[in-house]
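Quick notes on the structure that follows.
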Ligand code: ADP
Ligand code: ZN
Ligand code: ZN
């Protein structure tokens, strides 16, 4: 039923989607005063439960009073126009259903917290307090609070504590409430604060040049004010161009401490006026544009034409182009096309690849039409991007996975760069979504096209392309004269027998590093583990220290002199004696980036070595700083984890060393080979991106492993063919869809019992051979929760997954309702990665 807002006889209700794990929206009453502002997609403030103040979104307006609870009034409608549009609401719903979570959880992930209000308890004087003079005695400290409230109207609890001391603060507040002297209220604040600049300009009639003389006469004998006026005139260039007065001048530019009082006098006399303007947080690039117009090569041009042609009949095209083939320039040309047609473009990049390198390149081309959305952004910056899309200021956004949530209303193209990247998948908390798959759905809703790009496509995506569900374009040459690097695998076991190893470095690798340094080239060394050593072990009894909260060994961090858990972050000091047998013979086992950095500094003391991993890039700009230093040749050798493999483009890197290829290849996961192939190809791709070909040295103990073979030949399709037949044989994606269900409980026995219980219920509607487990995962305890895992497999396109997911949800709810499992948590992960 359509609803008539103007019909004032009806009581109006709104269903509000709240950012909470609730199965459905809640109904609130729309107060008459707010009627005019009601719009689907607008933000509202509501009270939820007894105390909580929340920001929700109007998803429906109607006149049906809820029958199970009494609808509370909406406190306020925050928006004049919707903050969330119909496309987004539809996407949230789809995500909740597909990823088996609640729409409120999706909303919570989607809305930048700057768009949510926060509330704070404050006190004020009770306006209805009856002054029965002297009847109620107040203590001195209570009087102090009352006195403050007479001056300041409201105080936060913290402010009260500051006045009367931390200890007595809350008891005094309680006592004053009891005596009816004060009341508590919740102050609701919007978190977004615009960036405001204070400005100054001349008031009429002195904004006219002709009236200047009159003003100076008035200021006779006021030398300080005259000086300030002269300063204003000089800084603005007012006499040459009186128009300059309209834009005024930044207040802090005009006045210093010493000139504050003459300034105040000038304002009071009505000569100057102060005003404020709201400005953008995204500073404009003042730098002169160094962007040289790029012309696509013939190969690039025909790739672009082919993409456009295939878009004619396919909603998605995969651009498989080797590293350095110039995919980015093709994206840029396509983006220009779509923008000039008046549609919006979203360019998705994995978290770590979104660095200054690419942003600067795009900024020069797209200027201030381009918005950025990054998790290292502040709330305020995120809100500015969000609102900038609604207002039309940004028609093009580069962003990380969460930018699929932005309020686009007219998408023409989504680009998913490095589409194979696993960081597109969100693990925790819900929604556990894959940004690539969600972006494809988003594109479909907008009738937009999707371009996926990678040098090493995911097996799932390449499968879509070779099966002609998507289009496919392949680029097999590097741009210009650049050659792909030569890959050499070195047998670590043989080098050991021949006594050629220098610690963890083979003879060949050390030799090549020396050569590179001698030629003044740069080197990248890759190891997929941070810390010094994955663990330490007692030489006498073999004891390995483990985390108390998680079933994993603690990683040895030399720099911080700590043992750290990489799962829960807990840490302890390095023991001098074995906690099991008391022996002092403790050795480190295995190889982390810290150890490589250490060893390299010993082997090549004259080279500048820098490490890049999670531990050296925690600060806001540290990642960028390392990249810039490397780019400016301030670093000779860069040692790092997968961070060094991602999309970086350097001129002088001609050697890449992969220290230990085996740990990735033999990782116990069905995607291990894929991941190894991708990672090694990507890190190799950093070498020799200009005229001179580079070299990649891969150290391994599995020299005859098929993945290594395909890698040396740089044979992606050979790799794909082997991999896809394995996937088919063992019933893995893309032939089967997986849902992983993890049962968590602080008690190991209950976790096991609960998982069995759930298994018992799933068995009724899922054939037994499609249910794996329950089983303890490799790491069976994390943050003091014991884990049991069930994996469900469904043949693609055969099972009615929406219906099955619904039944799984029901089964989970039933199990969780049992008192035995009151502390348990069940996590569903659809298409786990
Ligand atoms: P990919 O993203 O495929 O790894 P890039 O787009 O980074 O490759 O291109 C590799 C290098 O070649 C970059 O330095 C880029 O500036 C340069 N390049 C690519 N296409 C052109 C072109 N048409 N004209 C000039 N330089 C180009
Ligand atoms: Zn021991
Ligand atoms: Zn831990």
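Helix 507-518 versus the longest principal axis of the chain: what angle, 0 to 90°, nearest 10, using Cα atoms?
Helix 507-518 sits roughly 50 degrees off the main axis of the chain.
Give, as ranges by residue number, the residues of the stretch 249-281 whose backbone N falls under 12 Å from the point 7 Å along Cα→Cβ of residue 218.
266-273
What is the Cα centroid distance between the stretch 378-411 and the stretch 501-564, reported in whole angstrom?
Cα centroid to Cα centroid, the span is 41 Å.
Please give the FRET efficiency for residue 171 paired with residue 379, using the beta carbon to beta carbon distance and R0 = 45 Å, rounded to the nearest 0.05.
The pair residue 171/residue 379 has a calculated efficiency of 0.80.
Out of the DSSP beta bridges found with both residues in the stretch 298-475, what percent are antiparallel (nearest 5)?
5 percent
Between residue 663 and residue 571, what FRET efficiency comes out of the Förster formula 1/(1 + (r/R0)^6) with R0 = 35 Å and r the beta carbon distance, rounded to 0.05?
The formula returns an efficiency of 0.95 here.
Tell me, in nm to one decimal, what length is gained between residue 541 and residue 81 on full extension, where the rule is 0.36 nm per residue of separation less the Cα-Cα distance?
158.7 nm
Would you kindly state how much longer the chain becomes between residue 277 and residue 315 on full extension, computed as 0.36 nm times their sequence separation minus their alpha carbon distance, in nm to one decimal?
9.3 nm
In nm, to one decimal, how far is the residue 356 label point from the residue 64 one, both placed 7 Å along Cα→Cβ?
5.7 nm
Of all DSSP beta bridges in the chain, what percent run antiparallel (nearest 5)?
DSSP beta bridges in the chain are roughly 60 percent antiparallel.
Where does helix 86-98 land angle-wise versus the long Cα axis of the chain, in degrees 0 to 90, nearest 10?
Long axis of 86-98 versus the principal axis of the chain: about 40 degrees.
Based on the Kirkwood radius over alpha-carbon pairs, what value in µm²/s does the Stokes-Einstein equation return for the translational diffusion coefficient of the stretch 298-475 at 20 °C and 1.002 mPa s?
132 µm²/s
Which order do 202, 339, 89 fall in if you start with the one that has the fewest other Cβ atoms within 10 Å?
339, 89, 202
What distance in nm separates the two pseudo spin-label positions at residue 269 and residue 633, each 7 Å out from Cα along the beta-carbon direction?
With each label placed 7 Å out from Cα toward Cβ, I get 6.0 nm.
So if each residue of separation counts as 0.36 nm, and I subtract the Cα-Cα distance between residue 22 and residue 10, what length gain in nm does that give?
1.5 nm
For the stretch 536-589, what is the largest minus smallest coordinate of the Cα atoms on each principal axis, given in angstrom and ordered from greatest to least?
29, 24, 16
Taking the Cβ of each residue in 827, 466 as the centre, tally the other Cβ atoms inside 10 Å and list the residues starting with the fewest.
Neighbour counts put them in this order, fewest first: 466, 827.
What angle, in degrees between 0 and 90 and rounded to the nearest 10, separates the Cα long axis of helix 748-762 from the longest principal axis of the Cα atoms of the chain?
Between helix and principal axis, roughly 90 degrees.
Would you kindly give the portion of the calculated P(r) for the chain that falls above 51 Å, as a percent of all Cα pairs?
The answer is 30 percent, as a whole percent.
What is the calculated FRET efficiency for residue 340 to residue 809, with r their C-beta to C-beta distance and R₀ = 56 Å, to the nearest 0.05?
Efficiency for this residue pair is about 0.80.
Given labels modelled 7 Å from the Cα in the Cβ direction, how far is it in nm from residue 561 to residue 231?
Taking the two extended label points, one gets 5.2 nm.
Here, each number is a calculation from the coordinates, and none is a lab measurement. Worth saying up front: this structure is predicted, and the values here are computed from it rather than measured. As a convention, Cβ positions derive from the backbone with ideal geometry for all residues, glycine included, and neighbour counts pool all protein chains shown.
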